[in-house]
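> Submitted below is the structure of interest, expressed as C-alpha cells.
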Amino acid sequence: MRLALIHAVAQLRQLARYPMFLVPTLALPVGFYALFGLPQSRSDPTVLMASFAAYAILGVAFFQFGVGIAIEREEPWEAYLRTLPASAAVRFAGRLGSALVFAAASVAPVLILAAATRPISLSAVGWLRLAFVLGAGAVPLGLLGIALGYWVPAKGALPVANLLYLGFAYAGGLWTGPRGLPHALATIGPYLPTRQWGDVLWSAARGGGVGGRHWLALFGFSVAFAVAAAAGYRRDEGRRFR
Amino acid sequence: MSAVTAAALEGVSKSFGRTVALDGVDLSVACGEIHALLGPNGAGKTTALSTLVGLRRPDAGRARLFGCDPRRSASRLRLGCTPQETSLPQTLTVRETLDLVRAHYPQPRATQELLETFDLVPHARRQVGGLSGGQRRRLSVALAFAGAPSLLVLDEPTAGLDVASRRVLWAAIRRHAAAGGAVLLSTHQLEEAEALAGRVTVIAAGRVRAEGTVDAVRARAGLARIRIAATGVPEVPGVVRRELLNGATMLYVRDAGEVVRELVRHDASLEGLEVTPATLEEAFVALTEDAP
C-alpha cells in the first residue's frame, strides 16, 4: 500500500513536470465544455455538465492508461522497475492512483464552470450520486484503456486512442445527447459502453432512478475489458523484450 | 561450492522465435565472489542476466536467487540491478529517483551516502534529463546499491564510464564483495574480468564455453593467430580453427611454436608468416567452433 502510494506520487511528479501533458489534460475538457456545452442553452444544463465530465474521464482512460501503458511498457525503465521487489499489483495500483488524481483534476474545472454559470439543479445527495456514477463508468472505460495499452504498440497507440476516444464520445451521445445523433449512430449506441454510461449519468443528472439493465451492461463491459486487459498483460510478458 | 549460492542458472534455455539465445546455460555465483560473465556482443549475456533477475521466463531449466524463483517479488529483496542509463525518468530529480528505488527495500543505504559514493552530491536536486552522460551512468550504478543488496547484477556496468567513474565503481564493487556480498557482472572485455573477477564464465552463441578462474579461462581463450600469405596450407595438428581471407590463411592455435614446427616438417609455404596474439573476439569465435 505504501509502495503503491510512492509509485503514484512518482508518476504524478513525472507527468506534472511535462507542461505539454499537463495543460491539455486539464484544459481540454473544460475548454470543450465552454465551446460546445455552454452554448447549448435548450438542453438540460445538468445533463450537459454530466456528459462533459464523462468526456473528461474518457480522456484520462484512453490517454493516461492506454497511450501511457503502450509507451511505458516498451521503455527499459519499466523493465528495470520490474527487477525491484514490488509486484505487478503494486505498480498497477500506483498507476490507478495517479489516474484518479488526473481524472478528478480534469473533471473538477468542468463541474466548477457549470455550477458557476448555469442553473444546476442538484441536491447534495444528487451531487454525490453523480460523482458515484462518474466513478462507476470510469471502471469499464479504464479497463478498456488498459487493454488498449497492452495490445497496441506504442506507435499505434495514439491514433487508435484518438479514434476510440472521439468515436466513443460522439457515438455514445456525450456531446449532443442521444437525440442529437444521426439515426444510424443512435441505433448502435446501446452497444457502446459510453452510451450505457451516458444513460445512467443522464438519469442521475435528472434526479431519476437508474435501470438495472444499464448497470448490467456496464458490468458486462467491465468483465469483457478486464479479460482483454489481463490477456494483453500476460501476452506482453513474453514478447516485451524480443 | 563452499559458500552460500547467491544466484544460479540451472540448464537454462531460451529462444526468441527461431533464434536460440541461451542453450542449457549453467551459472552459479557464491556470496563473497565477483563473477564475470564474459562473451562477445550477442552471445546471450543480457538474456542470461534478465532471466536471472526475473524479467524473462526460461523455456527450460530454472533461475534461482538465494534458492527462490526470481519472478516472485519477495525473492528480489536482496537483489540490486542497474537500469539502462538512457531510460531514467527525465523529470525526476536525482534524489527523487534514488528515494523511489530505496523505498522498495527494508534497510536501504542512506541517500546522502549514495550521493557521496557516486559523486552526485552537487546534482542531487537536478532533474535527470539535465545530467551529463557520465552523471547518468553514475546514477544508474548508484541505483543498484540503493537497497543495500546482497547480490549485485550489473550488465556491462562500465560501458560509457570515464576512467575516474570506472575506478569509483570498481572500488565499490570490491568493497561489496569484501563485505560478503556477491557480484555478477557481464562484460565483453577480458581486461575488466581480469581486474575484478575471481571466477569467469565464458559464453558464446548462447552456450557456456569455459568456466573457472580468470587464469584458467585466459589460458583457454588465449590463442595465437598465425597468418600465412598463401593458400593450400596443409592440415596439421594443434589448429583450433582455420580460415581463408583475401588469399591468406589464418590459423588459430594454442601453441604457435609447435604448429610452425609442424608446418616446416610438412614443407609448407611460410610466405609472409606472422604470429600475433588473437583478440578475445577471435578467440571466442574459435572456441565456439571448438565447443567442448
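> Give the residues of the stretch A:69-80 that are within 12 Å of chain B (Cβ to nearest Cβ) and either among the charged types (D, E, K, R) or surrounded by 22 or more Cβ atoms within 10 Å (Cβ to Cβ) (or both), sorted by residue number.
Correct list: A:E72, A:E74, A:E75, A:E78.
> Filter the stretch B:92-130 for residues that are hydrophobic (A, V, I, L, M, F, W, C) and more than 14 Å from chain A (Cβ to nearest Cβ); which is surrounded by the most Cβ atoms within 10 Å (Cβ to Cβ)?
Residues of the stretch B:92-130 that are hydrophobic (A, V, I, L, M, F, W, C), as a first pass: B:92, B:94, B:98, B:100-101, B:103, B:110, B:114-115, B:118, B:120-121, B:124, B:128.
The next check asks that each one be more than 14 Å from chain A (Cβ to nearest Cβ); those that pass are B:110, B:114-115, B:118, B:120-121, B:124.
On the way: B:A110: 12, B:L114: 27, B:L115: 20, B:F118: 24, B:L120: 20, B:V121: 12, B:A124: 15.
Among them, the one singled out is B:L114.
> Ok, one more. Please report, ordered by residue number, the strands (runs of 3 or more DSSP E) entirely within the stretch B:45-155 with at least 2 residues that are among the hydrophobic types (A, V, I, L, M, F, W, C) and touching a residue at least 60 places away in the same chain (Cβ under 8 Å). Walk me through it before giving the result.
Working: elements: B:60-65, B:79-81, B:151-155.
In the stretch B:45-155, the matching strands (runs of 3 or more DSSP E) lie at B:79-81, B:151-155.
> Restricting to the stretch B:194-208, name every residue that is more than 14 Å from B:W170 (Cα to Cα) and not in a strand (DSSP E or B).
Within the stretch B:194-208, the subset more than 14 Å from B:W170 (Cα to Cα) is B:199-208.
B:A205, B:G206 - these are the residues of the stretch B:194-208 that are more than 14 Å from B:W170 (Cα to Cα) and not in a strand (DSSP E or B).
> Can you tell me which residue in the stretch B:58-85 is modelled with the lowest pLDDT, limited to those that are facing chain A (nearest Cβ under 7 Å) and surrounded by fewer than 22 Cβ atoms within 10 Å (Cβ to Cβ)?
B:Q84
> Only one of B:E192, B:E243 is surrounded by 15 or more Cβ atoms within 10 Å (Cβ to Cβ) and of a type in the set (D, E, K, R). Can you tell me which?
Numbers: B:E243 fails: surrounded by 15 or more Cβ atoms within 10 Å (Cβ to Cβ).
The unique qualifying residue is B:E192.
> For the stretch B:227-253, give me the residue count where each residue is closer than 30 Å to B:L37 by Cβ and touching a residue at least 12 places away in the same chain (Cβ under 8 Å).
8
> Between B:L151, B:L161, which is touching a Lys or Arg at 6+ places or on another chain (Cβ under 7 Å) and closer than 14 Å to B:C81 by Cβ?
Values: B:L161 fails: closer than 14 Å to B:C81 by Cβ.
Going through B:L151, B:L161 in turn, the sole match is B:L151.
> Related question: Does the stretch B:181-203 contain at least one residue that is over 23 Å from B:V4 (Cα atoms), among the basic types (K, R) and touching a residue at least 40 places away in the same chain (Cβ under 8 Å)? Reasoning before the result, please.
Here is the first cut: in the stretch B:181-203, the ones over 23 Å from B:V4 (Cα atoms) are B:187-192, B:194-195, B:203.
Restricting the remaining residues to those that are among the basic types (K, R) gives none.
No, every residue in the stretch B:181-203 fails to be over 23 Å from B:V4 (Cα atoms), among the basic types (K, R) and touching a residue at least 40 places away in the same chain (Cβ under 8 Å).
> For the stretch A:165-178, what are the residues that are in contact with a Gly (Cβ under 8 Å, 6 or more places away or on another chain) and in a helix (DSSP H, G or I)?
A:Y165, A:A171, A:P178
> Just name the residue that is modelled with the lowest pLDDT out of those in the stretch A:1-46 that are over 30 Å from A:G126 (Cα atoms) and in a loop (DSSP other than H, G, I, E, B).
Once the filter is applied, the top-ranked residue is A:M1.
> Just need a number here: residues in the stretch A:116-130 that are assigned to a helix (DSSP H, G or I) and either touching a helix residue (DSSP H, G or I) at 6+ places or on another chain (Cβ under 7 Å) or without any contact (Cβ under 8 Å) to a residue 40 or more places away in the chain (or both). Walk me through how you get there before you give the answer.
We begin by selecting, within the stretch A:116-130, every residue assigned to a helix (DSSP H, G or I); these are A:116-117, A:124-130.
If we keep only those that are either touching a helix residue (DSSP H, G or I) at 6+ places or on another chain (Cβ under 7 Å) or without any contact (Cβ under 8 Å) to a residue 40 or more places away in the chain (or both) as well, we get A:116, A:124-125, A:127-130.
The qualifying residues number 7.
> Looking at B:V217, is it buried (at least 18 other Cβ atoms within 10 Å of the Cβ), at pLDDT below 85 and in a helix (DSSP H, G or I)? Can you show your working first?
Details: buried (at least 18 other Cβ atoms within 10 Å of the Cβ): yes; at pLDDT below 85: yes; in a helix (DSSP H, G or I): yes.
Criteria met by B:V217.
> Look through B:V233, B:V214, B:V208 and report the one residue that is outside the structural domain of B:E10 (by TED's automatic domain parsing) and either touching a strand residue (DSSP E or B) at 6+ places or on another chain (Cβ under 6 Å) or on the phi < 0 side of the Ramachandran plot (or both).
Working: B:V214 fails: outside the structural domain of B:E10 (by TED's automatic domain parsing); B:V208 fails: outside the structural domain of B:E10 (by TED's automatic domain parsing).
On inspection, the qualifying residue turns out to be B:V233.
> Consider B:P83 carefully, then state whether it is of a type outside the set (D, E, K, R) and farther than 23 Å from B:L143 by Cα.
On the way: of a type outside the set (D, E, K, R): yes; farther than 23 Å from B:L143 by Cα: no.
No: the conditions fail for B:P83.
> A further question follows. Is one or more of the residues making up the stretch A:45-68 away from chain B (no Cβ under 14 Å), surrounded by fewer than 20 Cβ atoms within 10 Å (Cβ to Cβ), under 30 Å from A:P178 (Cβ atoms) and hydrophobic (A, V, I, L, M, F, W, C)?
Step one: list which residues in the stretch A:45-68 are away from chain B (no Cβ under 14 Å), which gives A:45-67.
Still in the list and also surrounded by fewer than 20 Cβ atoms within 10 Å (Cβ to Cβ): A:45, A:47.
Filter once more, keeping what is under 30 Å from A:P178 (Cβ atoms): A:45, A:47.
Imposing the further condition that a residue be hydrophobic (A, V, I, L, M, F, W, C) reduces the set to A:47.
Looking for residues that are away from chain B (no Cβ under 14 Å), surrounded by fewer than 20 Cβ atoms within 10 Å (Cβ to Cβ), under 30 Å from A:P178 (Cβ atoms) and hydrophobic (A, V, I, L, M, F, W, C), one finds at least one in the stretch A:45-68, hence yes.
The values are calculated or read from the model by the stated rules, or taken from the named source; none is laboratory data. What you see is a predicted model; the values in this text were computed from it and never measured. Heads up, the Cβs are rebuilt from the backbone with ideal geometry, glycines too, and the neighbour counts pull from every protein chain shown.
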